[in-house]
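Comments concern the structure below.
The values are calculated or read from the model by the stated rules, or taken from the named source; none is laboratory data. Values in this document were obtained by computation on a predicted structure and should not be read as measured data. Neighbour counts are summed over all protein chains in view; Cβ atoms, including those assigned to glycine, are modelled from backbone coordinates with ideal geometry.
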Amino acid sequence: MIVCRSAAELERMREAGRLVGEVLTELAAAVAPGVSTADLDALAEKRIAEAGATAAFKGYHGYPATICASINDEVIHGIPSGRRLLQDGDIISIDVGASLDGYFGDSALTLAVGQVSEGAATLLRVTEEALYKAIECARAGNRISDIGHAVQQHVEAYGFSVVREFVGHGIGERMHEEPQVPNYGEPGRGPRLAEGMVLAIEPMVNAGKAAVKVLADGWTAVTRDSSLSAHFEHTVAVTSGEPWILTAREVSVPVQK
Ligand code: MF3
Ligand code: CO
């Protein structure tokens, strides 16, 4: 069952989303060569606690940290570590989820650390563009697969590929609710979108082939061909008009720092 949220619920989800956006903005500002992914995790943990919110990922199926920090060929679910220092030329995806007053927000972005290759910069730009094209499709009357179709069309036009094994999701009183939101597929399939549905839309895009594998830590997903991977995510509400990006960041974060 896909839940449609009332206006009052959406206001509460806006608060959770706003917090997640603020945390991501702070983390993005802290990204620099020499910073460890554990440093970023600690910052997120502190900021979420100060807001009276709860980190959504910590303890989720045993996940050990507040954020996911996935560098270069890591697609998603990279576990923060004090031994993992960011280097000039890396790309890092940061994923943050939190619940506030009973509702969840979930958002991710990928950033360049210092100067990155032209190919890496293009991958970040195209993946973020794919997210915004997907969000444009989150309108009442459209169908779920219209979202993934928009992602796939955009990404493949650049020769990049869409990860199949992981998908976006409904979100609300739990982090993962129905429906699943794949980032590929034919248009016009799946449930029809209706006012009040809230979706975490999250394209994961590889510079090389689509295949991924999970490392021995049980979490970190990497590209099989070791190519770079990017991930952008927003929590989005379907309304009677424009989609609402609940995790929108007031301060825009430059993808190329
Ligand atoms: N944004 C990711 C998701 O929707 C984050 C989950 S990390 C986990 O699944 F550790 F909580 F699984
Ligand atoms: Co998510």
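So, in the stretch 1-34, of the ones that are assigned to a loop (DSSP other than H, G, I, E, B) and among the β-branched types (Val, Ile, Thr), which residue ends up surrounded by the most Cβ atoms within 10 Å (Cβ to Cβ)?
Val31
Under 7 Å between Cβ atoms, at least 6 apart or on separate chains: pull out the pairs that start in the stretch 47-67 with a residue that is more than 17 Å from Gly21 (Cβ to Cβ) and end on any residue that is within 12 Å of ligand 1 (Cβ to nearest atom) and of a type in the set (S, T, N, Q).
Between residues of the stretch 47-67 that are more than 17 Å from Gly21 (Cβ to Cβ) and residues that are within 12 Å of ligand 1 (Cβ to nearest atom) and of a type in the set (S, T, N, Q), the close pairs are Lys58/Thr66.
I need the full set of residues from the stretch 210-257 which are closer than 21 Å to Ala194 by Cβ, of a type in the set (A, V, I, L, M, F, W, C) and either away from ligand 1 (no atom under 16 Å from the Cβ) or at pLDDT below 95 (or both), in order please.
Result: Ala237, Val238, Trp244.
Sort out which residues of the stretch 170-179 are within 12 Å of ligand 1 (Cβ to nearest atom), under 17 Å from Ala138 (Cβ atoms) and either without any contact (Cβ under 8 Å) to a residue 40 or more places away in the chain or out of contact with any His (no Cβ under 7 Å at 6 or more places or on another chain) (or both), and write them in order of number.
Of everything in the stretch 170-179, those that are within 12 Å of ligand 1 (Cβ to nearest atom), under 17 Å from Ala138 (Cβ atoms) and either without any contact (Cβ under 8 Å) to a residue 40 or more places away in the chain or out of contact with any His (no Cβ under 7 Å at 6 or more places or on another chain) (or both) turn out to be Gly170, Ile171.
Would you mention how many residues in the stretch 194-226 are polar (S, T, N, Q), over 18 Å from Asn183 (Cα atoms) and under 19 Å from the mean Cα position of the chain (by Cα)?
Counting residues in the stretch 194-226 that are polar (S, T, N, Q), over 18 Å from Asn183 (Cα atoms) and under 19 Å from the mean Cα position of the chain (by Cα) gives 1.
Given the residues Ala38, Ala56, which is the only one that is closer than 20 Å to His77 by Cα and surrounded by 20 or more Cβ atoms within 10 Å (Cβ to Cβ)?
Ala56
Determine, yes or no, whether Cys137 is buried (at least 19 other Cβ atoms within 10 Å of the Cβ), under 25 Å from Met197 (Cβ atoms) and away from ligand 1 (no atom under 16 Å from the Cβ).
Taking the combined requirement at face value, the residue satisfies it.
Restricting to the stretch 75-96, name every residue that is within 16 Å of ligand 2 (Cβ to nearest atom) and within 19 Å of Ser227 (Cβ to Cβ).
Of everything in the stretch 75-96, those that are within 16 Å of ligand 2 (Cβ to nearest atom) and within 19 Å of Ser227 (Cβ to Cβ) turn out to be Val75, Ile76, His77, Gly78, Ser93.
Select from the stretch 180-199 the residues that are away from ligand 2 (no atom under 16 Å from the Cβ) and either more than 12 Å from Cys137 (Cβ to Cβ) or not hydrophobic (A, V, I, L, M, F, W, C) (or both) and list them in ascending order.
Within the stretch 180-199, Tyr184, Gly185, Glu186, Pro187, Gly188, Arg189, Gly190, Pro191, Arg192, Ala194, Glu195, Gly196 meet the criteria.
Being of a type in the set (Val, Ile, Thr) and farther than 20 Å from Glu165 by Cα is the filter here; which residues of the stretch 68-91 pass it?
Scanning the stretch 68-91 gives a single hit, Ile91.
Considering Leu131, Leu109, which residue is part of a helix (DSSP H, G or I) and either surrounded by 23 or more Cβ atoms within 10 Å (Cβ to Cβ) or out of contact with any strand residue (DSSP E or B) (no Cβ under 6 Å at 6 or more places or on another chain) (or both)?
Leu131
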